[in-house]
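As structure tokens, the structure follows; a few thoughts come after it.
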Amino acid sequence: MESDALLDALRAAVGPAHVLTAADGADLVAYEQDWRRRHRGRARCVVRPANTAEVAAVVRLCAAHDVPIVPQGGNTGLVVGGVPNASGTQVVLSLQRLNRVRALDVDNLTLTVEAGCVLQAAQQAAQAAGLWLPLSLASEGSCTIGGNLATNAGGTQVLRFGNARDLCLGLEVVTADAQIWDGLSALRKDNTGYDLRHLFIGSEGTLGIITAAVLKLFPQPAARLTAWASVPSLAAAVALLGLAQQALGPALTGFEAMNAFAMQLVARHFPALRPPLPDAAPYAVLLEVSDSESEAHARERLHATLADAIARGSVLDAVVAQSLAQAQALWHIRESIPLAQAQEGLNIKHDISVPVSRIPAFCAEAEALLQQAVPGARLVNFGHLGDGNLHFNVQCPPGADPAAFLAAHEAAINTLVFDTVRRYGGSISAEHGIGGLKADLLPRYKDAVALDLMRRLKQALDPRGLLNPGRVLTAGG
């Protein structure tokens, strides 16, 4: 067994079985490689504490040895924010053993869970009590609550319930100096000074390590219906969104858009997943309605809304799922787009947001510029149109080598897309975060005053820069 002072101290703190090193024969690839396989780092070791006190002990020991820490949840992030660099000096602190549901308060509509609790397990705990945790992501079977909050995850329900930040009432956090902040408040009103939880939510493990959270729950809706609508353009999709919001109000809980090529990729690589309508419309929209009254009431309202949209020309054709299985099949098409892209080959991903009203003009301009720069490049445009978040992804031209395409064009295409996003008042990261992938880009696209304030916060809370260094903020910016 490899031995040095830090490793020996860590083993004493969390148990020898939970300090993993390559020298001892442990397979660390699941901890060292990001989900997209864009980066493989090298950890000094992987430490798996079992509780908050052990997390604090690990932080204290690493600080004493001046060793940086990379907090890690389910390692499903898309911006290289939860894996070590190549130096072999960083300790990966895995929170997967902190996976308990600590409390569920039916009357207060709250769920208290540890950071390593898988999102799907938290959803199931709520459902078992007849309640609903509406945070929903394609990776919910493996992503963790701590990671969801550290990156302020979005997902398909943001339109109605907001990002992960909006579903969190309180946090427990281990600070950079190994103190434990017990901020597990279950209050919806607490106006006693700075709201510290919002410093740590979305900070990607650079300001503190989230170890537990209190989440908001909601009553289970009496009915949830899903519809698939073919639309002639993005402008028509935006018109349908406005009509649905006017007609359905808060019952409209999901609104996703997909371009034709995204659906073609899914059908090509997963032949069992085919759109329910035979037309080749430029875009399709998934609508979800959650009704507190009854399925009949929900179905009547949804049918009336779609009929009105067809009469106005915003929708070409539409179908409403007749069962839960049909609804899940429709969502499965949408959720399989990233997997189909991976099957097609390496691609350039953009997680961007633009004001909903400006999305059609943005997409038209960005796609035209893309074709001028790289003729034949294929656009996979899909995402959460209801909240202005698109995954504006680029596949190489047919027959081209994907790896060579990325090497030759990724930087230029990123600049083209992000510069266009900025012109339209948008953000270069809507829900995935900055991580290490976009840290160098942030000074170009973030307000200088905002960046200065962020640096000051980092200096105040982690003056030695030991928490997830090089993520969000680079050493120079």
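The values are calculated or read from the model by the stated rules, or taken from the named source; none is laboratory data. In this text the structure is predicted, and so the values were computed from the model without any measurement. Every residue, glycine among them, receives a Cβ derived from its backbone with ideal geometry; neighbour counts consider all protein chains shown. Only protein heavy atoms, including side chains, enter the accessible area calculation; ligands, DNA and RNA are left aside. Shrake-Rupley method; radii C 1.70, N 1.55, O 1.52, S 1.80 Å.
Between N51 and S357, how many nm apart are label points set 7 Å from Cα along the C-beta direction?
With each label point 7 Å from Cα toward Cβ, the separation is 5.4 nm.
In whole Hz and in residue order, list the ³J(HN,Hα) couplings for the stretch 275-282 that follow from phi through the Karplus curve 6.51 cos²θ - 1.76 cosθ + 1.60, θ = phi - 60°; x for Gly and Pro.
Using θ = phi - 60°, the values come out as x, x, 10, x, 5, 10, 5, x Hz.
Starting from the residue with the highest accessible area, list F218, F261, F382 in decreasing order, probe 1.4 Å. Please list the in-between numbers first.
Details: F218 55, F261 30, F382 5 Å².
Descending accessible area places them as F218, F261, F382.
Tell me which residues come under 5 Å, amide H to amide H, from A129 once H is placed; ignore anything under 5 positions away on its chain.
For A129, whose amide H was placed from the backbone, there are no distant partners under 5 Å.
Where both residues lie in the chain, what percent of DSSP beta bridges are antiparallel, nearest 5? Present the calculation step by step, with values, prior to reporting the outcome.
Working: 60 of 68 bridges.
Percent antiparallel among DSSP bridges in the chain is about 90.
Using +1 at the Cβ of each Lys and Arg and -1 at the Cβ of each Asp and Glu in the stretch 152-284, identify which of L234, L187, F161 lies farthest towards the dipole's positive end.
So the residue furthest toward the plus end is L234.
If you roll a 1.4 Å probe over the heavy atoms of the protein chains, what accessible area per residue do you get for the stretch 333-431, in Å²?
Numbers: 3490 Å² over 99 residues.
On a per-residue basis, 35 Å².
Using the Karplus curve 6.51 cos²θ - 1.76 cosθ + 1.60 with θ = phi - 60°, work out ³J(HN,Hα) for each residue of the stretch 332-348 in order, rounded to whole Hz, and write x for Gly and Pro.
5, 4, 4, 6, 8, 4, x, 5, 5, 4, 4, 5, 6, x, 3, 9, 9
Count neighbours as other Cβ atoms within 10 Å of each site's Cβ, and list the trypsin sites (Lys or Arg not before Pro) in the stretch 19-98 that are DSSP loop with at most 13 such neighbours. Don't skip to the end; give the middle numbers.
Values: sites: R36, R37, R38, R40, R42, R44, R60, R97; in loops: R36, R37, R38, R42, R44, R97.
Answer in residue order: R37.
Among A361, H384, P278, pick out the residue whose Cα is farthest towards the positive end of the charge dipole of the chain, where Lys and Arg carry +1 and Asp and Glu carry -1 on C-beta, about the Cα centre.
Farthest towards the positive pole: A361.
What is the extension gain from D177 to A267, computed as 0.36 nm multiplied by their sequence separation minus the C-alpha to C-alpha distance, in nm to one decimal?
Between D177 and A267, full extension yields 27.3 nm more.
Can you list the lysines whose alpha carbon is less than 17 Å from that of K438, not counting same-chain residues fewer than 8 positions off?
K349, K446
For the stretch 37-110, what is the accessible area per residue in Å², given a 1.4 Å probe and the full set of protein chains? Don't skip to the end; give the middle numbers.
Details: 3040 Å² over 74 residues.
Per-residue value: 41 Å².
Rounded to the nearest 20 Debye, what is the dipole magnitude of the chain about its Cα centre when Lys and Arg each give +1 and Asp and Glu each give -1 at the C-beta?
Computed about the Cα centre, the dipole is about 420 debye.
Could you list which residues have their amide H under 5 Å from that of C45, counting only those 5 or more apart in sequence or on another chain, with H placed in the peptide plane?
It is V92, by chain and number.
Roughly speaking, what is the centre-to-centre gap between the stretch 290-368 and the stretch 156-210 when only Cα atoms are used, to the nearest Å?
For the stretch 290-368 versus the stretch 156-210, the Cα centre distance is 31 Å.
Accessible area of the stretch 18-115 with a 1.4 Å probe: how many percent of it is carbon plus sulfur? Mind showing how you got there, number by number?
Values: 1850 of 3960 Å².
Ligands and nucleic acids excluded, carbon and sulfur give 47 percent.
Given a cut-off of 23 Å, what percent of all Cα-Cα pairs of the stretch 54-186 lie beyond it?
35
Roughly what angle does helix 359-373 make with the longest principal axis of the chain, taking Cα atoms, 0 to 90 degrees, to the nearest 10?
Taking Cα atoms only, the helix is inclined about 80 degrees.
Can you give the log10 of the normalised intensity I(q)/I(0) at q = 0.06, 0.10 Å⁻¹, computed with Debye over equal Cα scatterers of the chain?
Results for the chain at q = 0.06, 0.10 Å⁻¹ read -0.28, -0.78.
Non-local amide H neighbours of G74 (under 5 Å, H modeled in plane, Pro and chain starts lacking H): which ones?
When sequence neighbours closer than 5 places are left aside, the close amide H contacts are T144, G147.
Between D107 and A247, what length comes free when the chain is fully extended (0.36 nm per residue of separation minus the Cα-Cα distance, one decimal in nm)? It would help to have the intermediate numbers written out before the result.
Details: separation 140, 0.36 × 140 = 50.40 nm, distance 3.10 nm.
Answer, rounded to one decimal: 47.3 nm.
With +1 on each Lys and Arg Cβ and -1 on each Asp and Glu Cβ, and nothing else charged, work out how big the dipole of the stretch 96-254 is about its Cα centre, in Debye to the nearest 20.
Using only the charged Cβ atoms, the result is roughly 360 debye.
For T415, what accessible surface area do you get with a 1.4 Å probe? Give it in Å², rounded to 10.
That residue has around 60 Å² of solvent-accessible surface.
Can you work out the Karplus-derived ³J(HN,Hα) for every residue in the stretch 78-87? Use 6.51 cos²θ - 1.76 cosθ + 1.60 with θ = phi - 60°, whole Hz, and x for glycine or proline.
10, 10, 6, x, x, 10, x, 7, 8, 6
What size of dipole, in debye to the nearest 20, comes out for the stretch 341-391 about its Cα centre when the only charges are +1 on Lys and Arg C-beta atoms and -1 on Asp and Glu C-beta atoms?
Working: 3 positive and 5 negative charges, 9 e Å.
Approximately 40 debye in magnitude.
Per residue, what accessible area does the stretch 213-325 have, given a 1.4 Å probe and all protein chains present, in Å²? Numbers along the way, then the final one.
Working: 4630 Å² over 113 residues.
Each residue of the stretch 213-325 exposes 41 Å² on average to a 1.4 Å probe.
Tell me the label-point distance for the pair A128, A280, using the 7 Å Cα-to-Cβ offset, in nm and rounded to one decimal.
My value for the distance between the label points is 5.0 nm.
Accessible area of the stretch 288-374 with a 1.4 Å probe: how many percent of it is carbon plus sulfur? Don't jump to the answer; show the numbers that get you there.
Details: 2200 of 4050 Å².
About 54 percent, which is the carbon plus sulfur part of the accessible surface.
Over the C-alpha atoms of the stretch 334-477, what are the Rg and the largest Cα-to-Cα span, Dmax, in Å?
16.5, 51
For S87 and R464, FRET efficiency with R0 = 22 Å and r from the beta-carbon atoms, rounded to 0.05? Walk me through the numbers on the way to the answer.
On the way: r = 16 Å, r/R0 = 0.75.
It comes to 0.85.
Would any residue of the stretch 1-45 have its amide N under 12 Å from a label point 7 Å out along Cα→Cβ of S142? List them or say none.
30-31, 33-37, by backbone N distance to the label point.
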